Amino acid sequence: MNDAICAIVTGGGRNIGQAISLRLQQDGFRVFVLDVVEPEAESLRADAALVDLLDVEAAKAAVGDIVASHKVTRLVNNVGLVAPAPLEEVRLDDFERLMNLNLRTAIICAQIVVPGMKQHGGGRIVFNTSRVTRGKLDRTLYSATKGAAQSMARTWALELGSAGITVNCVAPGPIATTAFWQNNPPDAPKTKAITDAIPVARMGTPEDVANAVSFFCDDRSGFVTGQTLFVCGGLTVG
């Protein structure tokens, strides 16, 4: 088995996921990206696997192949879909799709990675959740999956703590990504209301989120588990 300390980042090919992956590389980890698109950053491409994480068997195979030959002690559950809609227009097909990608993928990855983490003496699991767990218009499904992820993380923190595995969440918002602007048109009044309300008077960046993930992944953060850190420019203060 390769002795390099490795991390798996789901959905690490673009935006926040890519920023997380690049930061973990800077922190000294060999980073394996699982995504449906090739990473934009050249340094991530060699260890990237193109995989549809909605496909259970494909997801299991991709993670299993990495764990079989590498020392994986970091897992970042970043992949996610949004599907904005007001309550009356929520599609049940989208419910299944979001639950499967945003939550089931995390379970699949953890079940494969955790046994190795225990053998290696510990590890770190980090969820990228969202400030939408505090409530946001048109986010019935997305907020449901992210709230469930935060709850699931607290349960895992209790179950895995004695093995030296911490489980935490980073809850971003609003972050200037292509997905944000697709779901929040720049000229829309609701978008302006969001940006005008940010106490630090700027949009967040993917690197802001990556910094928080880096903290939770650090060996020195072993006494912090079951927590959710909001990276949202102060929007949760009020």
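The values are calculated or read from the model by the stated rules, or taken from the named source; none is laboratory data. Source: prediction; values computed, not measured. Neighbour counts are summed over all protein chains in view; Cβ atoms, including those assigned to glycine, are modelled from backbone coordinates with ideal geometry. The area values use the complete protein model at the heavy-atom level, side chains included, leaving out ligands, DNA and RNA. Shrake-Rupley method; radii C 1.70, N 1.55, O 1.52, S 1.80 Å.
Looking at segment 30-51 only, could you name the residues that are touching a residue at least 40 places away in the same chain (Cβ under 8 Å) and either farther than 13 Å from residue 78 by Cα or not in a strand (DSSP E or B) (or both)?
Going through segment 30-51, the residues touching a residue at least 40 places away in the same chain (Cβ under 8 Å) turn out to be 30, 32, 34-35.
Within segment 30-51, just 30 meets the criteria.
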Query - Answer from 51, 37 - the residue that is under 17 Å from the mean Cα position of the chain (by Cα), open to solvent by less than 30 Å² (accessible area, probe 1.4 Å), at pLDDT 95 or above and of a type in the set (Val, Ile, Thr) - result: 51
Query raised in the report: Which is under 17 Å from the mean Cα position of the chain (by Cα), surrounded by fewer than 17 Cβ atoms within 10 Å (Cβ to Cβ) and among the β-branched types (Val, Ile, Thr), of 125, 107?
Result: 107
Requested in this report: Check residue 17 against each of (1) part of a helix (DSSP H, G or I); (2) over 21 Å from residue 218 (Cα atoms) and name the one condition it does not meet.
Outcome: (2)
**Report entry** Given (1) touching a residue at least 60 places away in the same chain (Cβ under 8 Å); (2) open to solvent by 40 Å² or more (accessible area, probe 1.4 Å); (3) out of contact with any Cys (no Cβ under 8 Å at 6 or more places or on another chain), index of the condition residue 131 fails
**Finding:** (3)
